[in-house]
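Structure record follows, encoded as structure tokens.
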Amino acid sequence: REELSGARSPAELASLVRRSAEQGTLDAATATLLTNSIDFSTLTAVDVMTDRTRLVVVRRDDSAADVMALSRQTGHSRFPVIGDSVDDVAGFVHLRKAMAVPHDRRAEVPAAALMVDAPRVPETVGLGPLLVDLRGQGL
């Protein structure tokens, strides 16, 4: 208890969790959960952003069928929708929107008709508040 009352920073808390796990006063699963929670609290949006060169994207005129095929290939369910380049992000499309298109129209309905606006996020925003905000927007 004395150690807990004195621990203030994430680094101090992480050290306390590590020592407690090493001494056997905290089981490994709990220690891992606590460590991940502490690490999460220090992350910002820039820490989890995907570099533009590694983005898997669809173009505005790609079809719902293209979105579904790309999802099967990559395992992703959401994709940025771009215009002329990866620097021109128009929005993003979710697999469930593509799947909602009637089967006989999937080849003709463009991703642009299925996309929603991409949120603009400052790099410095904390990951916790960002997730709360995105969930609040239904994203």
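Once both axes come from the Cα atoms, what is the angle between helix 64-74 and the longest principal axis of the chain, in degrees from 0 to 90, rounded to 10? Roughly 40 degrees, rounded to the nearest 10. Averaging Cα coordinates gives a centre for the stretch 82-110 and one for the stretch 15-37; these two points are 44 Å apart. Rounded to the nearest 10 degrees, the inclination of helix 10-23 to the longest alpha-carbon principal axis of the chain is 70 degrees.
Comparing Ala118, Ala29, Ala64 in a Gaussian network model of the chain where C-alpha atoms under 10 Å apart are linked, the largest mean-square fluctuation is found at Ala29. Tilt of helix 28-41 relative to the longest C-alpha principal axis of the chain, in degrees (0 to 90, nearest 10)? Approximately 70 degrees, to the nearest 10.
Stretched out fully, how many nm does the piece from Arg59 to Ala29 gain, at 0.36 nm a residue minus the Cα gap? Working shown, then result.
Values: separation 30, 0.36 × 30 = 10.80 nm, distance 4.26 nm.
Result: 6.5 nm gained on full extension.
Normalised by 2.2 N^0.38 Å, with N the number of residues, the alpha-carbon radius of gyration of the stretch 88-139 equals 1.44.
Note the full-extension length gain between Arg78 and Val125 as 0.36 nm times their separation in residues minus their Cα-Cα distance, in nm to one decimal.
Numbers: separation 47, 0.36 × 47 = 16.92 nm, distance 2.16 nm.
Full extension of this stretch gives 14.8 nm more.
Considering only Gly126, Gly91, Gly75, the Gaussian network model of the chain with Cα springs below 10 Å gives its largest mean-square fluctuation to Gly75.
The structure shown yields mean projected area of the Cα convex hull in nm², and of the options (1) 8.5; (2) 11.7; (3) 11.3 that calculated value carries the label (3). Counted residue by residue at 0.36 nm each, then reduced by the alpha carbon distance between them, the extension gain from Ser41 to Glu22 reaches 4.6 nm.
Going by neighbour counts of Cβ atoms within 10 Å, the residues Thr44, Thr50 line up, fewest first, as Thr50, Thr44.
Where a number appears in this text, it was derived from the coordinates with a stated rule and is not lab data. Everything numeric here is computed off the predicted structure, so don't read it as measured data. We place every Cβ from the backbone using ideal geometry, glycine too, and count neighbours over all the protein chains shown.
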